[in-house]
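First up is the structure itself, then whatever we jot down about it.
The values are calculated or read from the model by the stated rules, or taken from the named source; none is laboratory data. Everything numeric here is computed off the predicted structure, so don't read it as measured data. No Cβ is skipped: glycine too gets one built from the backbone with ideal geometry, and neighbour counts run over all protein chains shown. Only protein heavy atoms, including side chains, enter the accessible area calculation; ligands, DNA and RNA are left aside. Shrake-Rupley method; radii C 1.70, N 1.55, O 1.52, S 1.80 Å.
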Amino acid sequence: MTAPVRLSDFENAIADALPEGALLDELMAKGLPHRRVEAWKWTDLKTVLSRFPAEAGEVILHASREPDAVAKLEREPSMIMPRLAAALGGDCAVYELADGETLNLDFIGSATGHRIVSVTVPAGVEAVLHESYQGGKGSFANIAVNITVAEGAKLTRVIEQNAMPNSALVVTSGLSLGPEASVEQTTLGFGAKLARLETHVLHSGEGAKLSMNGAYVLGEGLHLDQTSNVRHAGPNGETDELFKGAVAKGGRGVFQGKIHVERAAQKTDAQMQHRGLLMDAGAEIDAKPELEIYADDVICAHGNAFGAIDEDALFYMRQRGLDEASARAMLTCSFLAEPIEKMNHEGLREALLERLTDRLETL
Amino acid sequence: MPAVKETIEDVRQLEADKYKYGFTTEIEQEYGPKGLSEETIRFISEKKGEPDWLLQWRLEAYERFKQIEEPDWAKISHPPIDYQDAYYYAAPKDAAKYKSLDEVPQELLDTYKKLGIPLKEAEVLLGVEGAAETAAEARDKPRVAVDAVFDSVSVATTFKEELKKAGVIFMSISEAVQEHPELIKKYLGSVVPVSDNFFATLNSAVFTDGSFVYVPKGVRCPMELSTYFRINAEGTGQFERTLIIADEGAYVSYLEGCTAPMRDENQLHAAVVELVALDDAEIKYSTVQNWWPGDKDGKGGVYNFVTKRADCRGRNSKVSWTQVETGSAITWKYPSCILKGDNSQGEFYSIAVTNGRQQADTGTKMIHLGKNTKSRVISKGISAGRSDQTYRGLVSVHAKAEGARNFTQCDSLLIGDQCGAHTVPYVEAKTPKATLEHEATTSKLSDDQLFYARQRGLDEETAVALLVNGFCRDVLQELPMEFAVEAQALVKVSLEGSVG
């Protein structure tokens, strides 16, 4: 019944690069995700990319070391964007982290490119993964990151997404947490013409812990979509999410968070909070914090609040002799710092806070 | 924390085999042609002696219906519905001829009596004759005017004359088409456009009956208005259309009840309700929805796919939706408020209980367009058995809605480990001068009160139960008296142990 969609030149160029098969058929039938697709409601990838040059390029990856292996992906992802990344991004770079290691992965988009990497944290290992994303003018980078954290392992993941006013970015990460594994993920994002950081987490074993936090600052013409889906399949799992963002005139922030608790995941404790600050008229924030719960003995909560800077606080600070601009900047900064201050890694925490302050000053 | 025993017992009371309204009425009925076609639509329109413009309106809707697809975003699942395998018109024979209650056949009066709505007695005992009644008496015996809709037609409307004296128009929509075409033309489809969504479009093409209310300028409607919907005939769907207009400064409270017999097949109920509130007007709309939910294995039951929307057009207008939802195999319903007038207010209070294999995807939409608009959403969901329940709500604040405020709270409780409870709140904000809060935790609701109650020696669970029950009662108090009793019986369920 669905009327066939019209593909843009951009989509046709991707289709031309694909081999025959199910993925090509799907792309031809549905095109890239657009606002009529529920999960992409506020991030119209199809429309934005239709105005991008249909020029093949690549995603350059500067890594702090060589991968342990370069291999074909064992299992094909299910969603269209990581499937495209797997099909067009060449073989997957595989990293196995050592105890105490910090792995840096810097991704730079040039024209239209795809890339897929896989990171494993073996049982009992404690490691840091630091990713950064940027892109040149007119570039679209589609990246898939697979992370497996084995039993009792600990991963600190930091994602820095630079302001990319003329480019587009889609990063789809899949994290699988083994029993008693623990992950602390912190994102600092400044947006792009269109940017989507999508994270899927599976608590597959018992007693895994996830702390997933993020801050975003979006200036004029910048968009950032942080979408997450946390699935509790094992009992006694914990998830704690805090996302905060400030959006200036002409910017658009999107937060879509889902916590899914399966029947087996009794005693799950999951919390999700999103707070948005609209700095000027003409800013927009859209949010959908979602719970899907099938177990009856769990604690799950979510909160979502939007507003402007507290006028009383502003008044108080001005009484103390601060000019309005500095007072606003200070209040905004302290508002946004909270998710970052939750980080345990001191060095990374200080670095992120500094970047946040710098960004607010240039806004 | 898991639900306590008392709660579980109370919910069991609501299980399918306890459904009291599952009987059928033996009465000679006539049907329209089976299936959905232009012929069916022409048949309905002709039966009702409608003017040509309304027939054209219906046919246009049917054209649109053929082009749109059934929505699939709701968290519900059911076998595909065969729209050709149902009757779109069923009515007691000669229904169109009832001039007054005296002509309504005894079977029908008995049916309503059995449902707890004695149409005739109500009018005789409390009605027109009771002119000597004092104000105190009126308070003791609150009167309710009832429009009774049986399958596709309205069979009786009580207290019509008395309402007329106050200037209030309360009649079935079919009569209103004949008697007040100017109002129907002006307002029908002005809140829910013909092709708003799949089910609303279907309704626009085949709607049969429903209620029409017009409260003129400055009038406070002297009594509660109510419509009781009953599906009786086999293999039919019910497609009612309700239109309520409160003119400047008017006030009306309207309540809606619905039941259906127990049948093995699924019956479709696709209604459209439109409310219009002009400057300073207030509309209170309450629903106790108790359609046959199907048996415990999910056989039969009503598919309740309803579009309800209020347009707060005027400054300082107010609309409040209160619903107690316990019936239907599947519910798909989002009573909404478009807050267009400056300082207008929208409220949504909901208690939904699902059991057996029921599925409910319900919530509200609050669209803030005017300045200083306010909305408040309180939703309590209880899932038991193998049921699934979703709260889906949208709060949207447009760029010009400076000073808008929203508070949303939705809690859900699972009883047993075979059911599901889901929350999908959508929030869109386009102005910095709005304050939007969404909460979904029990403890946040009442930290201070909880502390106080515990100081008085109550253990935590009892204290939470006390507070949440107290709150529930607040929601129930939003309901007019007649339904409050019924609703209280339905929701004698404590909500301790709620999860976001």
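To the nearest 0.05, how large is the calculated FRET efficiency for B:Q56 and B:K217 if R₀ is 35 Å and r is the Cβ-Cβ distance?
Taking R0 as 35 Å, the efficiency between B:Q56 and B:K217 is 0.65.
Estimate the FRET efficiency between B:F451 and B:E248 by the formula 1/(1 + (r/R0)^6), using the beta-carbon distance for r and 60 Å for R0, to the nearest 0.05. Walk me through the intermediate numbers first.
Numbers: r = 46 Å, r/R0 = 0.77.
Calculated transfer efficiency: 0.85.
Span-like helix check, chain A: qualifying full DSSP H segments, with Cα axial length of 15 Å or more and mean Kyte-Doolittle of 0.0 or more, are A:324-341.
Compared with the direct C-alpha span, the chain from A:D323 to A:R65 gains 88.1 nm at full extension, assuming 0.36 nm per residue.
Residue by residue along A:78-85, Cβ atoms of other protein chains within 10 Å of the local Cβ number 0 on average.
For chain A, please report how many Lys pairs fall under 19 Å Cα to Cα, leaving out neighbours fewer than 8 apart on the same chain. Lysine pairs, 8 or more places apart or on different chains, close enough: 19.
Taking amide H atoms as placed 1.01 Å from N in the peptide plane, the amide H of B:G416 lies under 5 Å from those of B:A3, each 5 or more residues away in sequence or on another chain. Residue-wise HN-Hα couplings along the range B:369-382, as the Karplus relation 6.51 cos²θ - 1.76 cosθ + 1.60 with θ = phi - 60° gives them from phi, are 10, x, 6, 6, 7, 10, 9, 9, 10, 10, 10, 10, x, 10 Hz; Gly and Pro carry x. For the residue pairs B:K371/B:K400; B:K308/B:K340; B:K75/B:K284, the C-alpha atoms sit more than 18 angstrom apart in B:K75/B:K284.
Projecting label points 7 angstrom from Cα along Cα→Cβ for A:R263 and A:S132 puts them 4.9 nm apart. Of the peptides B:165-175, A:193-203, the order by per-residue mean of other Cβ atoms within 10 Å, starting with the highest, comes out as A:193-203, B:165-175.
Going highest first, how would you order B:72-78, B:220-226, A:96-102, A:185-191 by mean Cβ packing within 10 Å?
Numbers: B:72-78: 13.3, B:220-226: 19.6, A:96-102: 14.9, A:185-191: 24.9.
Descending packing order for the listed peptides: A:185-191, B:220-226, A:96-102, B:72-78.
Using R0 = 35 Å, the C-beta based FRET efficiency linking B:K296 and B:Q84 works out to 0.75. Relative to its Kirkwood radius, the Cα radius of gyration of the protein assembly as shown gives an Rg/Rh of 1.00.
For A:T148, nonlocal amide neighbours, meaning residues 5 or more places apart or on other chains whose placed amide H falls under 5 Å from its own, are A:V119, A:T120, A:V121, A:S176. When the helices of chain A are scored as -39500 (n - 2.57) per DSSP H run of n ≥ 4 and the total is divided over every residue, the value at 222 nm lands at -6500 deg cm²/dmol.
3J(HN,Hα) couplings calculated from phi for the range A:174-181 with the Karplus curve 6.51 cos²θ - 1.76 cosθ + 1.60 (θ = phi - 60°) are, in sequence order, x, 10, 10, 9, x, x, 6, 6 Hz; Gly and Pro show x.
Between A:D99 and A:M28, the modelled labels are 5.4 nm apart [label points 7 Å from Cα along Cα→Cβ].
Across chain A, C-alpha contacts under 8 Å between residues 6 or more apart give a mean separation that, scaled by the residue count, equals a relative contact order of 9 percent.
The peptide list A:350-357, A:332-339, put in order of mean Cβ contacts within 10 Å with the highest first, becomes A:332-339, A:350-357.
Mean partner shielding of peptide A:306-312, defined as the number of other chain Cβ atoms within 10 Å of each residue Cβ, is 4.
Residues whose amide H lies under 5 Å from that of A:T187, counting only those 5 or more places away or on a different chain, are A:I159, A:N213, A:G214, A:A215; hydrogens are built 1.01 Å from N in the peptide plane.
With +1 on the Cβ of every Lys and Arg and -1 on the Cβ of every Asp and Glu, and nothing else charged, how large is the dipole of the range A:57-309 about its Cα centre, in debye rounded to the nearest 20?
Details: 20 positive and 32 negative charges, 163 e Å.
Approximately 780 debye in magnitude.
Once the mean 1/r over all distinct Cα pairs of the range B:237-312 is inverted, what Kirkwood radius in angstroms do you read off?
Taking the inverse mean of 1/r over all distinct Cα pairs, the range B:237-312 comes out at 13.9 Å.
Taking a spot 7 Å from the Cα of B:E28 along the direction of its beta carbon, which residues of the range B:55-94 have an amide N less than 16 Å from it? It comes to B:91-94, nothing else.
Report the equivalent ellipsoid semi-axes for the range A:57-309 in whole Å, largest first, defined as the square roots of five times the eigenvalues of the gyration tensor built from alpha carbon atoms.
27, 26, 15
Per-residue shielding of A:277-289, expressed as the average number of other chain Cβ atoms within 10 Å of the residue Cβ, stands at 5. Sorted largest first, the principal axis extents computed over the alpha-carbon atoms of the range B:313-353 equal 39, 14, 7 Å. Each residue of the range A:188-200 was assigned a 3J(HN,Hα) from its phi angle through the Karplus expression (A = 6.51, B = -1.76, C = 1.60, θ = phi - 60°), giving 10, x, 10, x, 8, 3, 8, 9, 9, 10, 10, 10, 10 Hz with x at Gly and Pro.
Computed with a 1.4 angstrom probe on protein heavy atoms, the A-B interface buries about 2800 square angstrom of accessible area in total. In this simple spin-label approximation, A:E338 and A:A123 carry label points 7 Å from Cα along the Cα→Cβ vector, and these lie 3.9 nm apart.
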